[in-house]
Every structure is written in structure tokens, then in C-alpha cells.
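A short worksheet on the structure shown next.
The values are calculated or read from the model by the stated rules, or taken from the named source; none is laboratory data. Predicted model only: the values in this text are computed from it and were never measured. Don't worry about glycine lacking a Cβ; one is built from the backbone with ideal geometry, like all the others, and counts go over all protein chains shown.
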Amino acid sequence: MDIKFSNPVQKALDDRAPIVALESTVISHGLPFPQNLETAVGVEEIVSSVGATPATIAVLDGTVCCGLSRDELNRLATEDGIRKISRRDIAVATSKRLMAATTVATTTLIAQAAGIEVFATGGIGGVHRGYSADVSADLPELANSPITVVCSGPKIILDVAATREWLETYGITVLGWQCDEMPGFYSRTSGLPVDERVDSAEEAAAIIRGRDKLGLSGAVLVTAPVPAEYEIELSEVEDLIAEALREADRQNIKGKETTPFLLSALVERSKGRTLAANIALLKNNAKVAAEIAVALKES
Ligand code: PSU
Ligand code: MN
């Protein structure tokens, strides 16, 4: 794959130094301006402060980019008409020279091609509620990529139980970062189990290296709960999710519009609390991912 690397990311790759990949759909379609830009910059700073190099991934005017400048982050945060691209859309974006933000699926694909082992995001895509035929392309991509993704579980707007089953069926290892239950995105609990709890980056790194030695092709998902002070109990958001789903139905929102629509409807209906939680978990996941990236290089 033709990838344009920023100087810091190229240097980190040459030095075999720790790198954390970051997605761009959350910037262009997941968070409103100006919080999207502040968070994109903040997340990169956190990764750097732990001693890893941040590599935000996007397609800029048709070029697959790994590692972005402040100006490029700004473009993704502010320009209109930025495509949200999954695996099926990459060739369209590159050949038509589009501006495009990468989902978990596409970021995973590009990070793998670049040789980056760890990726941090907010919540992965999954099986949508009530539309079990709508399954995010994130899931099969993770099943076929020996990468490590740090997240706070599937986004709670999804059918989380069905998504958990999917992860199990297709061999994606779900680790709980200092927790025994898979986190429920805005909530620290989901009632669903993790496969194994890990309490340190070294413990996570040992399991990841174990996977690598076995030559297994699936992702390790490290699920980290939202920091307690930003947690919203599931019972509190459940009604808001039901309202948002009904509104999506009324407006005939479908396909890749669904996730951004529901996330922004929740921000409005929760008076910004889901936004604060989303930002807090993104930052925390970046920190955990950087610690694991560092531990992997020391292992
Ligand atoms: N996590 C967030 N906000 C987001 C997303 C994840 O906190 O906007 C994005 C990710 O890029 C994920 C995508 O891959 O939502 C899933 O979209 P879909 O359900 O259409 O596959
Ligand atoms: Mn979908």
C-alpha cells in the first residue's frame, strides 16, 4: 500500500520505537467542532507524553496518510464533505482524490500495512440494534488483523450483547483493562464478561506476544472503562438511546449515517454529558494504548 508517513512516524518506524495509531472518523464524524480538534490534539499529546509516537490516519486529497500535522488535523475537524470510509471505500477515496476520515476498520487496515501494532479509539462498531443485518465492517476487519485495539467496548448505541457474541465467534480476544466486565462505552459496566482481566501493560503485552507467536490472525481488544467521574450509568442513557433510535427511524437514517446520527443525538439529549464521557474515554484509551505500545517494545 502506498502510504505517506509524517517525519516523526517514519523515524519511529525506522527506530522500531513505540507507535499508536489513531482514527479520524471520530474527528470528522464522531465529535462536534471545536471539541473534535481539541480532542485530536489532546489525544496525540497524551500518546507522546507516555513515550510513544502518535500516528493519526486519514486519506487527504486521495493520499493515504499516517501521521498528520496540526494543519491536517484542522482540515479533518473543520472541512465539509469529508467522507467516512470503510474498507469498501478506500479505493474510491484514493482514485477520486477525496478527503476521507478512516473508521476503525480502515484505520486497522492501514496501521497493519504500516507495521503499527497498537491502535486507540473510543468504541468499536458492531451489530446495530434491531437491524441485525447492519454489522459494522469493523468486526470482520478486527477478526482478520493481528493488531491490538484499545477501546471502551462497542458503542452503547449498538446491540452490545450481539456484538460481544460476534467477537467470541470470530476469535477476537477481549481483555479487560483493570476490570472483569466488558465496559459499556459511557458506562463502566455492561453485564458482559471479558475473556481475561489484565492489570498492567506488561500483562497485556505478554498475551499479545503469545498471540503473535501462535501466528493467530485476530485482534486483541483491550477494553478500558471510562474514567469514573465521567461515567453515565446505562439506565440513564437507555431512554435517550431509545428516543434517538426512533428519531433515526423517522428520518430514515441508514447505513454509515447511523452511528454519527445517534452519537450526536445523544450529545444533544444528554446536554453534553455523553460528549464529555466520549472525550474522557478517548483520552484514557490513548494513554493505555501508549503504555502497551511501550511495553511491547520492551518485551
Ligand atoms: N468511537 C467513537 N466515535 C466514533 C467512532 C468510534 O467514540 O465516531 C466511529 C469509528 O470510526 C467506528 C465507526 O469505526 O464509528 C463505526 O461506524 P459504522 O457503525 O458505520 O461501521
Ligand atoms: Mn453499518
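Key figures for this structure:
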read-out: Test: Leu76 is of a type in the set (A, V, I, L, M) and either free of Cβ contacts under 8 Å to residues at least 12 places away in the same chain or in contact with a strand residue (DSSP E or B) (Cβ under 8 Å, 6 or more places away or on another chain) (or both); value: yes
read-out: Residue in the stretch 92-113 that is farther than 30 Å from Gly272 by Cα, under 18 Å from the mean Cα position of the chain (by Cα) and surrounded by fewer than 15 Cβ atoms within 10 Å (Cβ to Cβ) present; value: yes
read-out: Residue that is nearest to ligand 1 (Cβ to nearest atom) [pool: residues in the stretch 257-266 that are surrounded by fewer than 20 Cβ atoms within 10 Å (Cβ to Cβ) and not hydroxyl-bearing (Ser, Thr, Tyr)]; value: Pro260
read-out: Considering residues of the stretch 237-257 that are touching a helix residue (DSSP H, G or I) at 6+ places or on another chain (Cβ under 8 Å) and touching a residue at least 60 places away in the same chain (Cβ under 8 Å) only, the residue farthest from His128 (Cα to Cα); value: Val237
read-out: Residue within the stretch 255-265 that is away from ligand 2 (no atom under 16 Å from the Cβ) and either hydrophobic (A, V, I, L, M, F, W, C) or touching a strand residue (DSSP E or B) at 6+ places or on another chain (Cβ under 7 Å) (or both) present; value: yes
read-out: Candidates Pro140, Pro146 - the one that is away from ligand 1 (no atom under 12 Å from the Cβ) and either modelled with pLDDT of 95 or more or of a type in the set (A, V, I, L, M, F, W, C) (or both); value: Pro146
read-out: Residue match in the stretch 85-94 (condition: under 30 Å from Ala295 (Cβ atoms) and assigned to a helix (DSSP H, G or I)); value: yes
read-out: Neighbours by Cβ (under 9 Å, 6+ apart or cross-chain): first from the stretch 80-93, among the hydroxyl-bearing types (Ser, Thr, Tyr); second outside any helix (DSSP H, G or I) and surrounded by 10 or more Cβ atoms within 10 Å (Cβ to Cβ); value: Ser86/Thr102; Ser86/Thr103; Ser86/Gly125; Ser86/Ser136; Ser86/Ala137
read-out: From Thr53, Thr63, residue being within 15 Å of Ala101 (Cβ to Cβ) and in contact (Cβ under 8 Å) with a residue 12 or more places away in the chain; value: Thr63
read-out: Candidate set from the stretch 275-295 (those that are polar (S, T, N, Q) and near ligand 1 (Cβ under 10 Å from one of its atoms)); member that is farthest from Glu233 (Cα to Cα); value: Asn285
read-out: Output for the stretch 157-166, where each listed residue is crowded, with 24+ Cβ neighbours inside 10 Å and either in contact (Cβ under 8 Å) with a residue 40 or more places away in the chain or of a type in the set (D, E, K, R) (or both); value: Ile157
read-out: Members of the stretch 16-73 that are part of a loop (DSSP other than H, G, I, E, B), surrounded by 24 or more Cβ atoms within 10 Å (Cβ to Cβ) and touching a Ser or Thr at 6+ places or on another chain (Cβ under 9 Å); value: Pro18, Glu23, Ser24, Leu31, Gly67, Leu68
